[in-house]
Structures are given as C-alpha cells and as structure tokens.
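S.K.: Let me give you the structure first, and then I'll get to my questions.
Since every read-out is calculated from the coordinates, none of them should be taken as a lab result. Here the structure is a predicted model, which is why all the values come from computation and not from measurement. A quick note on method: Cβ atoms are made from the backbone with ideal geometry, for glycine too, and the neighbour counts reach across all protein chains shown.
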Amino acid sequence: MSEPLRLGIAGLGTVGTGVVKIIRQKANLLASRAGRPVVITAVSARSRDKDRGINIGDYAWEDDPVTLATRDDVDVFVELMGGSDGPAKAATEAAIAAGKDVVTANKAMLAHHGQALAEAAEAVGRVIRFEAAVAGGIPVIKALTEGLAGNEMTRVMGVMNGTCNYILTRMQNADLTYDQAFAEADGLGYLEADPTLDVGGIDAGHKLALLSSIAFGTQVNFDGVELEGIGEITIEDIHQAADMGFRIKLLGVAQLTGRGLEQRMSPCLVPSDSPLGQLEGGTNMVVLEGDHVGQIVLRGAGAGEGPTASAVMGDVMDIARGIRPSTFGKPAVALEAAKPAKGATPAPYYLRMKLQDKPGALAKIATVLGEAGVSIDRMRQYGHEDTSAPVLIVTHKTQRRTLDEALEAMAQTDVLLGRPVALRIESV
Ligand SMILES: NC(=O)c1ccc[n+]([C@@H]2O[C@H](COP(=O)([O-])OP(=O)(O)OC[C@H]3O[C@@H](n4cnc5c(N)ncnc54)[C@H](OP(=O)(O)O)[C@@H]3O)[C@@H](O)[C@H]2O)c1
C-alpha cells in the first residue's frame, strides 16, 4: 500500500471530534477505499486538557494552529476552528505557503477570503476543499462540480440554516410565537453564540455565496447577497400563509440573469406541497437547476457532529485518492467578478399590514398600490380588532423596487398603522 496521507487537525470541537472518531473507527475501510492509510499526525485546540471523549494521546499536540499547519509530517491541514479571520485564516494561509492541501468547514472564512485563498493555493498547486461548509452532510459541492459538470446551472436554492427552519417549523406545528420558538431552539443549543448569524440569515448567506460561486463560475461575493432574517415573522404570517397553501422558509436563491447575479437570503413563501415546503425541523435542502438535468433536490442533515464530519472526510478521501479539483470548480484566476443584479426577478408578494378601522381605508391602500403599478391578486381583511383592521394582500408579479415605492407611498397615508410585512412568493 502507498504512503499514508497525514492530517493535522486544528479544532477539536463538534466537527473535529467527529472527524477523529471516523478516522479511528474506520481506519481499515478508509485505507481500502483510498488505497493508502489516512492518519492523523498532530492536533491543536485551545485547551489541551479538555475531556473530548476521544483519545488524542496518539497524536502530537500543538498549541499554535499555525505551527501545526506547517509541520513537516502534515500533508493536509484540516481547519475546524471557525471564524472568518484570526487563527483560522492565519493557519490556512501558513498551510498553503508551506505547500499543504487544506480541508475546512469554515463558510465564514471562505465567504470573505475564498478568492484570495483559492488563488494562493492554486498558484502553488494545492487544493482547498470545503464540502462541510455548505449544507453540512449534503454533498452539494460534489454534485455541482462533478455530477452536474455538463450543465449550465440556471438557479440554485436552499434552506441552509437548520436552526431557522427549526424555529419556523415549531411556529407552524406547535403554534408557538417567534420568541417562544427562538427560546426553545436556544434551550436545545441550536443557536450560534451570536444568534444573529442564524436568525439574521448571515450563516446561510455565507453558504449561498459559496454555492453561487461554484454554480455560476463567479468570484465569491458575500456582500452581493441581499440578506433578510426571520425575526419579523409572526405567528399570524405563518397562519395566513398556511391558509393560502404556503409555508414560510428562510430561502436562499441564486440565479444568473441578464441583469447580473441575483443572490437573496430571505424569508419567502413556498408552496406547502413542494419539497421545500415540506421540509421540517433542522434539516437542510438544496435545489439545483441545470439546463439539461432539470431540477435536482438534495435533502439531509445540515449540521451536527456526524454529518459535518462525513463531509470533511469526503474531501479528505478525495485528496487521498489524488482527486484535486479547483476550489470553486474552475481555476480561481478564471472566475469572473460577480456583477450583482440591480433588483430581483419579479415575483408575487405577500403583504400583511394593519389599517385604521375606518371607511375607505382599504380602498386608499388599493389605490396607492395601483398608482405605483402593483396589481392585486387577492386581498382580504381578517380578525377585526378594536381600532385596527388586519389586511392581507397578495400581489401579481412585481419588481421589489416597485413594491418598495408603493410601501413608501402607503406610509404617507393616514390609514396605515405600523410597517407592513412584505414576503416574496418564490416559484419552486
Ligand atoms: N457544528 C456544526 O454542525 C457545523 C456544521 C457545518 C460547519 N461547521 C463549521 O465547522 C467549524 C467548527 O465548528 P464546530 O461546531 O466544531 O466548533 P466548536 O465546537 O466551537 O469547536 C471549535 C474548536 O476550535 C478550537 N479553537 C478555537 N480557537 C482556537 C485557537 N485559537 N487555536 C486552536 N484551537 C482553537 C476549540 O478549542 P477548545 O475545544 O479547546 O475550546 C474547539 O476545539 C466552524 O467553521 C463551523 O462554522 C460546523
């Protein structure tokens, strides 16, 4: 059997521990599949003494991940610490400079520095692999770069933050308010230390930026992702959407249009009977659309020790077998700068608002919408309150910019109470 592939693993938390377990438990299987042993030579984390439920005594220890990344007995630097900058970036750069391949699960680092890191790695003939960074255990990067390599991708979509999907599903199924469902998710340890990374759509936005780079051959452009979180969604929205045959999902959509690259991560209405609409709990789903293949739906665990370590190992095994694709599916220097689309593709919108309960209020709003060029598909009042009347409107397809102008004009009337909720109805 050939020379072993030697790993240096920095980060022994949820994912790192999972990777060590797989390598210890499945050594023979991995070696027989790769045609060479896959071994760990050195590890690093913050605390050497922490009980991690795994035996790390067989491996050399480094306090500094940069030192680990540059050791002579490390072929592949496995970065599982996290963070867009700091030690993760410093150690990844050091590993590349020292001629190591890199496997990482770090979407934040790649969303911000992916282009520079990929160019640096490819300039010295090294690879950076990051299957675990996008939708956890779902092998979506492999699907795009290998199985679908003969297609031009037309659209990629996904529910890629399990925590948000858990919160929205609990609101739907257990009739919880947003705050109650958020507290439940927090109690279960589902939220990041900074919860806005989850509920603000940032974590899922990082994943979408990576996915769209691979799908459309453009440089990663996280700043070009229109981000909107789920914090404004109320139980009323969940109920009203359900009555009309929709579910609300934090949905990422990327598509290349004549007007540029559209990247949106926002709460959307999707049909209840669609695969995305039926996705429950913390599960992830990625929908890929190619010109020849049509639509492909991938579903699975987007986080957690086993699924994420599974994706890391897929990348490690490729390197062990000598499979060395470009970081983003084509050489980094050939990736075109993404031109963000000005405005999203037109779509119908769901609007929920409260009006003063007085004659003519609804007619005034309908007039404002009409004058702005937004036509109404459905409109109804529901659940009359003392001084206010909740109103639901579904528009025909319109530009978001046109809708925003209409919302602005509505705010100038004397009948609108508070700010309307406006959610896109995505055709899936
Ligand atoms: N958890 C998931 O389900 C999941 C899913 C997809 C992607 N990811 C990504 O995978 C990466 C790791 O996530 P995780 O959940 O495993 O994180 P985690 O449980 O918080 O573990 C982080 C590990 O990094 C170590 N670390 C932090 N700073 C360090 C430093 N300066 N020097 C050396 N070691 C340091 C920590 O050491 P100590 O243990 O000593 O504190 C810990 O072992 C992140 O990029 C994350 O976004 C995670």
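S.K.: ³J(HN,Hα) across segment 227-243 via Karplus (A = 6.51, B = -1.76, C = 1.60, θ = phi - 60°), whole Hz, x for Gly/Pro?
M.R.: Karplus-based 3J(HN,Hα) across segment 227-243 equals 10, 8, x, 9, x, 8, 6, 10, 4, 4, 4, 4, 5, 5, 5, 4, 4 Hz.
S.K.: Now, a different point. Using only the Cα atoms of segment 188-273, build the gyration tensor, take square roots of its eigenvalues as a ≥ b ≥ c, and label the shape rounded, prolate or oblate: rounded if a/c is under 1.5, else prolate if a/b is larger than b/c, else oblate. Could the numbers behind the result be given before it?
M.R.: Numbers: a/c = 2.60, a/b = 1.36, b/c = 1.91.
Oblate.
S.K.: Give me the percent of DSSP beta bridges within the chain that run antiparallel, rounded to the nearest 5.
M.R.: Here the share of antiparallel DSSP bridges comes out near 65 percent.
S.K.: Something else: Is segment 1-144 best put as rounded, prolate or oblate by its Cα gyration tensor, with a ≥ b ≥ c the root eigenvalues, rounded for a/c under 1.5, and otherwise prolate when a/b is larger than b/c, oblate when not?
M.R.: Rounded is the answer for segment 1-144, as its axis ratio a/c remains below 1.5.
S.K.: Follow-up. Once you've got the GNM for the chain with C-alpha springs shorter than 10 Å, pick whichever of S310, S388, S266 has the biggest mean-square fluctuation.
M.R.: S388
S.K.: Taking the Cα centroid of segment 367-402 and of segment 51-129, what is the distance between the two, rounded to the nearest whole Å?
M.R.: A separation of 52 Å, based on Cα centres.
S.K.: What shape does the chain take by its C-alpha gyration tensor, where a ≥ b ≥ c are the square roots of the eigenvalues and a/c under 1.5 counts as rounded, a/b above b/c as prolate, and the rest as oblate? If you can, show how the numbers build up before the last one.
M.R.: Numbers: a/c = 2.58, a/b = 2.00, b/c = 1.29.
Since a/c reaches 1.5 and a/b is larger than b/c, the shape of the chain is classed as prolate.
S.K.: What dipole magnitude, in Debye to the nearest 20, does segment 1-113 give about its Cα centre under +1 on Lys/Arg Cβ and -1 on Asp/Glu Cβ?
M.R.: Numbers: 14 positive and 14 negative charges, 102 e Å.
I would put it at about 500 debye.
S.K.: Can you spot the aspartates and glutamates whose alpha carbon is less than 19 Å from K142's alpha carbon? Ignore those fewer than 8 places along the same chain.
M.R.: In chain and number order, the partners are D101, E122, E131, E152, E289, D291, D315, D318.
S.K.: Most mobile of D49, D198, D404 per a Gaussian network model of the chain (Cα springs, under 10 Å)?
M.R.: With Cα springs under 10 Å in the chain, the top fluctuation among D49, D198, D404 is at D49.
S.K.: Using a Gaussian network model of the chain whose springs link C-alpha atoms within less than 10 Å, name the residue from L188, L269, L148 with the highest mean-square fluctuation.
M.R.: L188
S.K.: Pull up all non-local amide H partners of L176: gap of 5 or more, or a different chain, and H-to-H distance under 5 Å with H placed in the peptide plane.
M.R.: Placed amide hydrogens put M171 under 5 Å from L176.
S.K.: Right, next: For R247, list long-range residues whose amide hydrogen, built 1.01 Å from N in the peptide plane, is under 5 Å from its own amide hydrogen.
M.R.: It is V270, S272, by chain and number.
S.K.: Per DSSP H run of at least 4 residues, take -39500 (n - 2.57); add these up for the chain, divide by its residues and hand me the 222 nm value, nearest 500 deg cm²/dmol. Working shown, then result.
M.R.: Values: 13 runs with 146 residues, N = 428.
The per-residue figure over the chain is -10500 deg cm²/dmol.
S.K.: What does the charge dipole of segment 293-419 about its Cα centre add up to, to the nearest 20 debye, if the Cβ of each Lys and Arg holds +1 and the Cβ of each Asp and Glu holds -1?
M.R.: 360
S.K.: Please give the residues of segment 64-84, grouped as numeric ranges, whose backbone N is less than 19 Å from a label point set 7 Å along the Cα-to-Cβ vector of D223.
M.R.: The answer is 84.
S.K.: So what's the gap between the Cα centers of segment 309-323 and segment 1-39, to the nearest angstrom?
M.R.: 9
S.K.: Let me ask something additional. How big is the dipole moment of the chain about its Cα centre under a simple scheme where the beta carbon of each Lys and Arg is +1, that of each Asp and Glu is -1, and everything else is neutral? Debye, nearest 20, please.
M.R.: The calculation lands at about 880 debye.
S.K.: Continuing with the same structure: Taking the highest mean first, how do the peptides 251-258, 227-234, 129-136, 190-197 order by number of other beta carbon atoms within 10 angstrom per residue?
M.R.: By packing density, highest mean first, the sequence is 129-136, 251-258, 227-234, 190-197.
S.K.: Moving on. Given H placed on each backbone N at 1.01 Å, which residues far from R155 in sequence or on other chains put an amide H within less than 5 Å of it?
M.R.: Correct list: E289.
S.K.: Which of A334, M353, T367 sits closest to the plus end of the dipole of segment 307-428, meaning its Cα is farthest towards the positive end, when Lys and Arg get +1 and Asp and Glu get -1 on the C-beta?
M.R.: A334
S.K.: Determine the distance separating the Cα centre of segment 181-207 from the Cα centre of segment 272-286; give it in Å without decimals.
M.R.: 18
S.K.: Could you tally the net charge around F77, taking each other residue with its Cβ under 10 Å from the Cβ of F77, Lys/Arg +1 and Asp/Glu -1?
M.R.: Values: positive: R71, K100, R126; negative: D75, E79, D101.
Its environment carries a net charge of 0.
S.K.: Grab the Cα-Cα distance for W61 and T196, subtract it from 0.36 nm times how many residues apart they are, and report the gain in nm with one decimal.
M.R.: Numbers: separation 135, 0.36 × 135 = 48.60 nm, distance 3.40 nm.
Gain in length upon complete extension: 45.2 nm.
S.K.: In what sequence, highest mean first, do 87-100, 337-350 appear when ranked by Cβ atoms within 10 angstrom?
M.R.: Details: 87-100: 20.6, 337-350: 17.5.
Answer by packing, highest mean first, reads 87-100, 337-350.
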